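Report on the following structure.
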Amino acid sequence: MKLRLIRNSMTGGKAVWMVTGAILGLMFAAATVALAFVRLETPGLVSDLLAVTFLIWTLGWMVGPLWGGSAVLRNDHFALLPLPRRGLALGLLAAAFVGITTVVTALAFLGLVVHGIRSGLGPALVSVPAAAAQLVFVVLLSRVTHALFGAVAGSRFGAFVTGLLFAAMLVLTQSGWMLVVAVVASRVTETGFSGFVSTAIRSVPSGWGVAAVDAADSGDWWQSLGALAGLVALCVLLLAVWSRTLGQARHGRSVVRGSARRAAPARGALSGATGAVVRKELRTWLRDPQRVTMAVTPLAWALGTALLPLTFDTGLLLPWAGPALPVMVVATAYNLYSQDGTSLWLTLTTGSQRADVRGRQWACLLLFGPLTVAVTVVCTAASGYSWTWPWVAALVPALLGGGIGLTSYASVTALVPGPDAHKRPDSPLDRADTTGPSNALFFVALLPAVPAAGVVALGTVLDNSLVGWLGAPVGVATGVLLALRLGRVAADRLTAHGPELLLLMRTGRPATPGTAGEASAGTGNAGAATRVKPQLTRRQEVVTLLSWVFGGLALFPQGLVPLIFLLADVDAKVWFLALYTPDPWSWAVALVMIAVGVTLFIRAVRLSTGRAGGKPAAPQENGGEATDPSHSRHPEREST
């Protein structure tokens, strides 16, 4: 059953993602095994590095299911069968070993066997059960973590933790190479870890396998058997905990009670229709767990990205934490109307579209504006780079205002349907799939900063500080104009196409000429049909995905980052191709990589939007019911 589900789910872009993930996982597994073959002069350093590597694999198993959603084979598939919990848990545990991730992890844990074989016969005999027990341990730990996280994900605290985890995954995915730089810069490969760190990484369960092998190598068999017995006992405990979570009733939704009844203000900034929307939005940002996650993720991502270079003693990215925050806000918070679900009909029937858009914009400004300014001031002052003040003063208002305008505009024009709030699943990722639009909007959100950055760059070239500080008013004007203009366009489009958006939310499929009238009937508006999502061929899906992946690699780690390193005269080659070339050519290589990255991103956007030969999806009739041509992840469809 697990094999059949995997085979049937490997279609289209998901198959490409799975194959790409398998290739990357095999590369990491090969690196883990290769580490076991390395000979270092420092005694015990290879064991310490293996313990750290296994700790990273364990953390990946804990966070991975949260990132990728529920397991393929779930306990609710067997809800109608009279199976005892323990038997069901054992069956699901056996099925968990049938999967790409488990096979890749098993190959990685062969590094422990290689380490034992290199140590002698006794450690080799110990390494085999230790590697097997460690594999079972990470699988069970993943299941228990997912179950516990699902229990708290619906609360605001769980949403806060979810936001931190999302941000950590994003930072490690895009900037994990900085940790490699930090390891190289710390010269730990020559001096080894301190005694405290070495003991700490072997004391956690992920290091017990290494501790058992090393104890066998030193002849301390009681310690070796104790470590093995501890791993087995921990597996039994995790299995017992996991079996207790199976078959339980669905967790109730967290209910956040409102404050005491207060009359709406009759005058002031928060009065009127727009003021009512502002108050409603601010409360939603504080009470809705999904909004809490959206608010935490950009802040944690910006701070994590800016603070990570401190691991190798440089604060080069600290001043840019403030400008980065509103850019990520656009990528994470653009799907506002989808999160409200079908409650959109309230806005449509009351004719408050313009007040609704403006109120959401003001709420975003009140929430993220002070936060962005505070992060900008604190991080820039802490960095000590005084020359960055004109830059951040110009970029922050442009990116903040432009981002607020883009958020409202994209919420209406690129809405991805999702479940209503009361139908949301426990997993934070089993919701509207906004991966493609979010990636595109992240780069579009950088464009509002171009005019202000150009003025500051001109002042830098002319060596005129007055011209450089003129970038600040240019940034303010750009941000205000974009917020007002894009908000107006969004309100007009919501008025004209509101019924089609409501139909998209209800059914998960866009309106067609045949359904536009149906969508309009409920509200009395007769808008044009929404744009149909292009249906790409498998080849186009592969090209799109590869363009996103390699475009990001070419633009950022191989283009912009080496260019910044060349400007700042940072001597850290790591895996930057440009820094391995002679001086005159290093600039050219970095610029070529930037051009390649931009070209691939343009190609991906054109394919995703159907401007490069994609065919629009046509609705298909199936027994009197229209099927969903977009194959969206909307959990329930209503027949029409």
**Message:** With every protein chain left in place and a probe of 1.4 Å, what is the accessible surface of Asp220, to the nearest 10 Å²?
**Reply:** 60 Å²
**Calculated from backbone phi, Karplus (6.51, -1.76, 1.60) coupling profile of segment 221-226 in Hz, x at Gly/Pro** = 6, 5, 5, 5, 5, x
**Item:** HN-Hα J in Hz across segment 22-35 - Karplus 6.51, -1.76, 1.60, θ = phi - 60°, x for Gly and Pro
**Value:** 5, 5, 5, x, 5, 5, 5, 5, 5, 5, 5, 5, 5, 4
**Asked** How big is the accessible area of Lys280 in square angstrom, nearest 10, if you roll a 1.4 angstrom probe over the protein chains?
**Response** 80 Å²
**Peptides 315-327, 465-477 ordered by average Cβ neighbours within 10 Å, highest first** = 315-327, 465-477
**Request:** Just order 437-444, 270-277 by mean Cβ neighbour count inside 10 Å, highest at the front, would you?
**Result:** 437-444, 270-277
**Request:** Rank-order 587-600, 109-122 by packing density, defined as the average count of other C-beta atoms within 10 Å over each peptide's residues, highest first.
**Result:** 109-122, 587-600
**Asked** Cα gyration tensor of segment 80-215, axes a ≥ b ≥ c as square roots of the eigenvalues: rounded (a/c below 1.5), prolate (a/b > b/c) or oblate?
**Response** oblate
**Item:** Rough spin-label spacing in nm, given labels placed 7 Å along Cα→Cβ, for Val183 and Val197
**Value:** 1.1 nm
**Request:** List, in order, the whole-Hz ³J(HN,Hα) value for each residue of segment 235-244 obtained from phi through the Karplus relation with A = 6.51, B = -1.76, C = 1.60 and θ = phi - 60°; use x for Gly and Pro.
**Result:** 5, 4, 5, 5, 5, 5, 5, 5, 5, 5
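The values are calculated or read from the model by the stated rules, or taken from the named source; none is laboratory data. Given the structure is predicted, the values throughout are model-derived calculations rather than measurements. Using ideal geometry, Cβ is built from the backbone for each residue, glycine included, and neighbour counts are taken over all protein chains shown. Keep in mind that these areas ignore ligands, DNA and RNA; they rest on the heavy atoms of the full protein, side chains included. Shrake-Rupley method; radii C 1.70, N 1.55, O 1.52, S 1.80 Å.
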